[in-house]
């Protein structure tokens, strides 16, 4: 599964990176985010785009697994 | 406070509180104005000598401290920085110059319309066009590169500086400047203004309220979340202005405003474009600066310096309209935004490795 790392990027980059990655891999991607704002923004985007997703808390990050 | 309900309630509270601050003494349609208040602080500490706009605005201090406290409490305080800091500083300068040509930040733009100032419509149209231009570059890969974790103490410094400003305001030493006439002489009592700032700081941190993010996310992702906050501020400030008898629709004679539609449009177009590149409006930059985002601190310092430049070089508009110097500065700002946008857009300008 394709994986993108949005760590260190500010609004609206995490969602923009997610959107672009999903255009290349519409079946799903894994997304690393490093703060709550990005986590919530990416989750809202995935919900609005009709993707199922799960959020796992890792050491300093969150791993969001988005699937069609 | 997550979700649609949270951001609508937060916007409503911001709208009503803004009118209450006017009731308690702030200038009309200026319950909150991030650009105006940072400009007043620049005057208060003597960075410019425009005698009518000098005061240490407690609302700004409250916003930063409110965001700082709630971020600490929710374990969201994180010191980070290093994402193109000098570009951000200059963008802060540019956003401030644009705001002072229009006479207000995006938040005051909405509050002006809520008070019946129809000149703000030109500002809103310009703001949306500016955001549209910025979004084109976002779609071409514009970014200011990532930030990095920094020592925690670095993130504490800006909130501490704000506490220092509060101490200065209370002690009021003779080296500070306080307006005796004009908008700078009109203010709500210190602790009411501070409390309003704290409350809005907390709400804005919790909800990520951002005046530029609403339109940007609507265009980019068809996401109306932040736009609901923008609309809520407009609706509730309108209702509160009606209730207090402050609502006064029209173009001419509006408080701290001019009627030159073209320059109202261009001023806010600069703010919209610049704020999209920065990733958030002036209010959002203040909130992030309280959360440990040192890039936003640099942006706020850029706005402070921008305000000083705007008044020292006679770039700021007056109620008579834009100044000749301001018009030249606006063109320079637009060229600067174009160059920064182009050079940082990865699909347009491939940097040689």
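The values are calculated or read from the model by the stated rules, or taken from the named source; none is laboratory data. All figures in this text were calculated on a predicted structure; none of them were measured in a lab. Ideal geometry is used to build each Cβ from the backbone, glycine not excepted, and the neighbour counts take in all protein chains shown.
Would you call residue B:37 closer than 19 Å to residue B:301 by Cβ, crowded, with 21+ Cβ neighbours inside 10 Å and without any contact (Cβ under 8 Å) to a residue 40 or more places away in the chain? For residue B:37, the condition - closer than 19 Å to residue B:301 by Cβ, crowded, with 21+ Cβ neighbours inside 10 Å and without any contact (Cβ under 8 Å) to a residue 40 or more places away in the chain - is met. Taking each residue of the stretch B:196-213 that is within 13 Å of another protein chain (Cβ to nearest Cβ) and at pLDDT 95 or above and looking for partners that are part of a helix (DSSP H, G or I) and surrounded by fewer than 24 Cβ atoms within 10 Å (Cβ to Cβ) with beta-carbon atoms closer than 6 Å, six or more apart or interchain, yields B:205/B:70; B:207/B:6; B:208/A:37. Number of residues in the stretch B:325-341 that are over 23 Å from residue B:84 (Cβ atoms) and out of contact with any helix residue (DSSP H, G or I) (no Cβ under 6 Å at 6 or more places or on another chain): the value is 4. Would you check which residues across the stretch B:119-153 are crowded, with 20+ Cβ neighbours inside 10 Å, outside any helix (DSSP H, G or I) and in contact with a strand residue (DSSP E or B) (Cβ under 8 Å, 6 or more places away or on another chain) and list them? Scanning the stretch B:119-153 gives B:142, B:147.
Residues being within 14 Å of chain A (Cβ to nearest Cβ), under 23 Å from residue B:161 (Cα atoms), free of Cβ contacts under 8 Å to residues at least 12 places away in the same chain and not in a helix (DSSP H, G or I) are entirely absent from the stretch B:83-96.
Annotation: of all residues in the stretch A:1-57 being part of a loop (DSSP other than H, G, I, E, B) and touching a residue at least 40 places away in the same chain (Cβ under 8 Å), the one that is farthest from the other protein chains (Cβ to nearest Cβ) is A:1.
When every residue of the stretch B:182-194 is checked against the conditions, none turns out to be within 14 Å of chain A (Cβ to nearest Cβ) and either at pLDDT 95 or above or touching a strand residue (DSSP E or B) at 6+ places or on another chain (Cβ under 6 Å) (or both). Of all residues in the stretch B:43-76, those satisfying the criterion of being within 14 Å of another protein chain (Cβ to nearest Cβ) and surrounded by fewer than 21 Cβ atoms within 10 Å (Cβ to Cβ) are B:72, B:73, B:74, B:75, B:76.
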